[in-house]
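The values are calculated or read from the model by the stated rules, or taken from the named source; none is laboratory data. Note that the structure is a prediction, hence the values are computed from the model and not measured. Don't worry about glycine lacking a Cβ; one is built from the backbone with ideal geometry, like all the others, and counts go over all protein chains shown. In case anyone asks, the SASA skips ligands and DNA or RNA and just uses the protein heavy atoms, side chains included. Shrake-Rupley method; radii C 1.70, N 1.55, O 1.52, S 1.80 Å.
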Amino acid sequence: MAKRQVGVVADLFRYPVKSMLGEELDELAVGSVGVVGDRAFALREANGRIVSAKKWANMLEFRARYESPPHAGETAPVRITFPDGRSIHAADADASTALSAFLGRAITIDRVRVDEHSRAEIDPRRVFGDVGVANVKPEFTEATLPDSYGLRHGTFFDSATIHVLATGSLAHMRSLIGDDEARLDPRRFRPNIVVETDPRIAGFVEDEWVGGTLTVGANVRIVKIEPALRCVMTTHHQGDLPRDLRILRAAAQHHKACLGVFASIGAPGTMRIGDPVWLEN
């Protein structure tokens with residue numbers, strides 16, 4: 001297999017609570033099922049379904065951070081900051097009560113279990129913004145698309161355990177939208193790794209990674225690489241980023257609503273800002 005460097009690690013992210021804003025870090029520990037501590041917690045509706053910003057955009061008004069580094073198989077304190085600035089710990093006895101009161105409905109905050117086999121909520125009318133279900137998944141309509149989807153067994157991940165995004169693809173998307181004010185910030189896409197790629201390489205850079213293997217730094221190997229299907233979450237307001245429906249429209253029109261790649265871990269290790277990223281295919 002040919003091996004060549006395709007970039008360097010520009011940004012690293014971890015999301016302690018599913019669908020809440022997360023942390024930008026200088027290094028990440030990676031285990032066999034993704035970034036250690038990633039999506040370790042989630043909110044659960046009274047009907048058992050997992051709360052997702054695919055349906056509830058206000059989830060992106062909360063932020064979750066670890067107060068000490070998490071380790072595989074161990075708990076670490078997670079602080080959740082509310083939109084009004086107050087904060088709680090995920091493990092507080094009254095955490096679910098406080099979150100329920102703020103959100104206006106009964107929920108619980110749960111830690112992922114090894115036997116986790118849950119479904120997360122979507123709103124079929126809005127899950128692909130104003131693009132429409134049939135333009136992304138032609139086999140469905142808003143009326144026939146299920147209002148929930150199965151999460152990866154034993155996790156709160158939607159499907160893959162790690163998400164990688166290239167700066168070249170963001171630049172290409174910006175050119176397609178044709179507006180210098182378009183905020184194609186990587187935070188919209190909730191990646192774990194942002195790879196700074198050669199600015200002379202245009203287009204959807206990750207396409208050539210599909211089916212290959214990425215090596216990050218000395219040890220981490222990323223395998224089973226597939227295109228990442230996007231949804232309305234990429235358009236939501238979050239932090240200083242305004243709501244922008246153009247993002248999903250452009251991805252749907254030019255790239256089958258895909259941007260970045262989803263993947264699995266082939267070998268664990270530690271990733272750091274500035275680490276080289278190599279592609280084998």
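Among the residues of segment 239-281, just one is free of Cβ contacts under 8 Å to residues at least 60 places away in the same chain and touching a Leu at 6+ places or on another chain (Cβ under 7 Å), namely 258.
Residue 178 meets the conditions (1) at positive phi; (2) modelled with pLDDT of 95 or more in every case but one. The failed one is (2).
Quick one: what pairs do we get from segment 167-179, first residue under 16 Å from residue 6 (Cα atoms), second part of a helix (DSSP H, G or I) and of a type in the set (A, V, I, L, M, F, W, C), C-beta under 7 Å, 6+ apart or different chains? Here the result reads 168/205; 169/205, each pair linking segment 167-179 to a residue that is part of a helix (DSSP H, G or I) and of a type in the set (A, V, I, L, M, F, W, C).
Counting just the residues of segment 132-155 that are among the hydrophobic types (A, V, I, L, M, F, W, C) and under 20 Å from the mean Cα position of the chain (by Cα), which one comes out surrounded by the fewest Cβ atoms within 10 Å (Cβ to Cβ)?
Only one residue tops the list, namely 136.
For segment 1-22, the set of residues classified as part of a strand (DSSP E or B) and more than 12 Å from the chain's Cα centre (by Cα) consists of 3, 4, 5, 6, 7, 8, 9, 10, 11, listed by residue number. Residues that are buried (at least 24 other Cβ atoms within 10 Å of the Cβ) and either of a type in the set (Gly, Ala, Ser) or out of contact with any Leu (no Cβ under 9 Å at 6 or more places or on another chain) (or both) within segment 17-32 comprise 19, 30, listed in sequence order. Residues in segment 214-240 that are open to solvent by less than 70 Å² (accessible area, probe 1.4 Å) and over 16 Å from residue 261 (Cβ atoms): 217, 232, 233, 235, 236, 238, 239.
Given the structure, is residue 202 modelled with pLDDT under 95 and open to solvent by less than 20 Å² (accessible area, probe 1.4 Å)?
When the stated conditions are applied, residue 202 does not pass them.
For segment 49-58, the tally of residues that are open to solvent by 30 Å² or more (accessible area, probe 1.4 Å) and more than 13 Å from the chain's Cα centre (by Cα) stands at 5.
In segment 59-99, the qualifying residues are those that are open to solvent by 60 Å² or more (accessible area, probe 1.4 Å) and of a type in the set (Gly, Ala, Ser), and the one that is nearest to the chain's Cα centre (by Cα) is 72.
The residues on offer are 169, 175, and the sole one that is of a type in the set (S, T, N, Q), open to solvent by 50 Å² or more (accessible area, probe 1.4 Å) and not in a loop (DSSP other than H, G, I, E, B) is 175. Reported count of residues in segment 101-132, each being without any contact (Cβ under 8 Å) to a residue 40 or more places away in the chain and more than 30 Å from residue 33 (Cα to Cα), is 5.
Can you spot a residue in segment 241-250 that is in contact with a strand residue (DSSP E or B) (Cβ under 8 Å, 6 or more places away or on another chain), at pLDDT 95 or above and outside any loop (DSSP other than H, G, I, E, B)? Scanning segment 241-250, I find no residue that is in contact with a strand residue (DSSP E or B) (Cβ under 8 Å, 6 or more places away or on another chain), at pLDDT 95 or above and outside any loop (DSSP other than H, G, I, E, B), so the answer is no. Looking at segment 241-248, is at least one residue open to solvent by 20 Å² or more (accessible area, probe 1.4 Å) and either of a type in the set (D, E, K, R) or over 30 Å from residue 83 (Cα atoms) (or both)? Within segment 241-248, one or more residues are open to solvent by 20 Å² or more (accessible area, probe 1.4 Å) and either of a type in the set (D, E, K, R) or over 30 Å from residue 83 (Cα atoms) (or both).
Within segment 9-37, residues that are at positive phi and in contact (Cβ under 8 Å) with a residue 24 or more places away in the chain reach partners that are open to solvent by less than 10 Å² (accessible area, probe 1.4 Å) and among the aliphatic types (A, V, I, L, M) with beta carbons closer than 6 Å, at six or more positions or on different chains, in the pairs 19/53; 19/59; 34/162. Return yes or no: is residue 123 within 23 Å of residue 237 (Cβ to Cβ), surrounded by 13 or more Cβ atoms within 10 Å (Cβ to Cβ) and of a type outside the set (S, T, N, Q)? Criteria met by residue 123.
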